[in-house]
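The values are calculated or read from the model by the stated rules, or taken from the named source; none is laboratory data. Remember, it's a predicted structure, so these values are computed and weren't measured experimentally. Ideal geometry is used to build each Cβ from the backbone, glycine not excepted, and the neighbour counts take in all protein chains shown. Side chains included, ligands, DNA and RNA excluded: accessible areas come from the protein's heavy atoms. Shrake-Rupley method; radii C 1.70, N 1.55, O 1.52, S 1.80 Å.
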Amino acid sequence: MCTVVAQQVAERIKSSPELYDFTKTEIPPLLLLLDRREDPLSPLLLQWTYQAMVHELIGITRNKVDLSHAPGVHADTKEVVLSPDQDQFYADNMYLNFGDLGTVVQDLVNDFASKTKSTQKVQTLEDIKKFCETFPEFRKVSSNVTKHVTIMGEISRQVALRKLLDVSEREQELACNNDHATAYRRVVEMLQNPIFAKEDVLRQALLYILRYEKQNKLPEILQLLTLRENYSGAELGVRENKGWQ
């Protein structure tokens with residue numbers, strides 16, 4: 001597949017050289033194509049950058065984020081626009097780790113607090129939300145920051161609700177370690193635990209089956225999924241006695 005794509009790209013460049021006449025640099029530009037068939041695990045792992053978490057946990061449709069389902073959200077932030085073309089804060093921080101993003105927002109709020117000589121402590125995301133409510137003038141001059149505080153609050157709620165720190169740790173162990181007995185025990189434990197969300201359980205099962213494909217545990221995992229979520233083999237893309245489609 002990558003070979004075909006590479007050939008088509010090369011032909012397109014040759015057919016329109018004026019469009020791809022890159023400025024001469026010491027290191028020429030390089031387009032690297034990766035075939036995901038060589039790495040099916042990475043797309044299944046939870047991502048912790050800001051942009052990825054918004055997509056994964058809330059969703060973006062035509063650059064709009066619907067927060068109407070989130071508890072305690074102000075009327076003016078029930079639907080917000082999130083586009084790097086219109087939002088410099090998002091453009092600057094969309095690839096930041098979620099923890100680092102919290103620090104950036106905290107610094108902005110602390111700066112405003114120092115200018116207003118406020119003694120209110122701003123150390124956690126909850127403190128930031130309370131600060132925004134206490135100082136409506138901050139909402140006016142920094143409505144963009146308030147928007148991101150609201151989004152971050154909903155992401156944090158989802159992380160806690162779905163136990164995503166635990167889920168992510170389990171995913172990393174599956175992807176990086178080579179201990180089948182422990183991996184199987186942990187995935188069965190998760191499949192039988194009702195506190196984990198449906199999509200996280202399914203992703204964990206897929207990771208296990210791909211990582212330990214030769215262990216022939218597909219029937220057992222499929223049975224556990226069927227018992228838990230009433231999945232069918234067709235929904236999971238499985239053919240009886242033939243593995244994955």
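Each residue in region 163-175 was checked for being crowded, with 18+ Cβ neighbours inside 10 Å and under 20 Å from GLY99 (Cβ atoms), and 4 of them qualify.
Suppose we keep only residues that are hydrophobic (A, V, I, L, M, F, W, C) and buried (at least 16 other Cβ atoms within 10 Å of the Cβ) within region 176-188. Which one would you say is farthest from ILE221 (Cα to Cα)? If we take residues in region 176-188 being hydrophobic (A, V, I, L, M, F, W, C) and buried (at least 16 other Cβ atoms within 10 Å of the Cβ), then ALA183 is farthest from ILE221 (Cα to Cα). Evaluating GLY102 against the criteria (1) modelled with pLDDT under 85; (2) assigned to a loop (DSSP other than H, G, I, E, B); (3) not basic (Lys, Arg) leaves one unmet condition, (2). ALA52 fulfils the conditions (1) assigned to a loop (DSSP other than H, G, I, E, B); (2) open to solvent by less than 50 Å² (accessible area, probe 1.4 Å) except for a single criterion, (1).
Considering LEU207, LEU165, the condition of being of a type in the set (A, V, I, L, M, F, W, C), without any contact (Cβ under 8 Å) to a residue 12 or more places away in the chain and out of contact with any strand residue (DSSP E or B) (no Cβ under 6 Å at 6 or more places or on another chain) is satisfied by LEU165 alone.
Each row is one residue, and each column tells you yes or no for (1) in contact with a helix residue (DSSP H, G or I) (Cβ under 8 Å, 6 or more places away or on another chain); (2) surrounded by 14 or more Cβ atoms within 10 Å (Cβ to Cβ).
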{"site": "LYS14", "(1), (2)": "no, no"}
{"site": "TYR20", "(1), (2)": "yes, no"}
{"site": "PRO29", "(1), (2)": "no, no"}
{"site": "GLU38", "(1), (2)": "no, no"}
{"site": "PRO43", "(1), (2)": "yes, no"}
{"site": "LEU46", "(1), (2)": "yes, yes"}
{"site": "ILE60", "(1), (2)": "yes, yes"}
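At pLDDT 70 or above, of a type in the set (A, V, I, L, M), over 25 Å from LEU165 (Cα atoms) and touching a Pro at 6+ places or on another chain (Cβ under 7 Å): does that describe ALA91? The answer is yes for ALA91.
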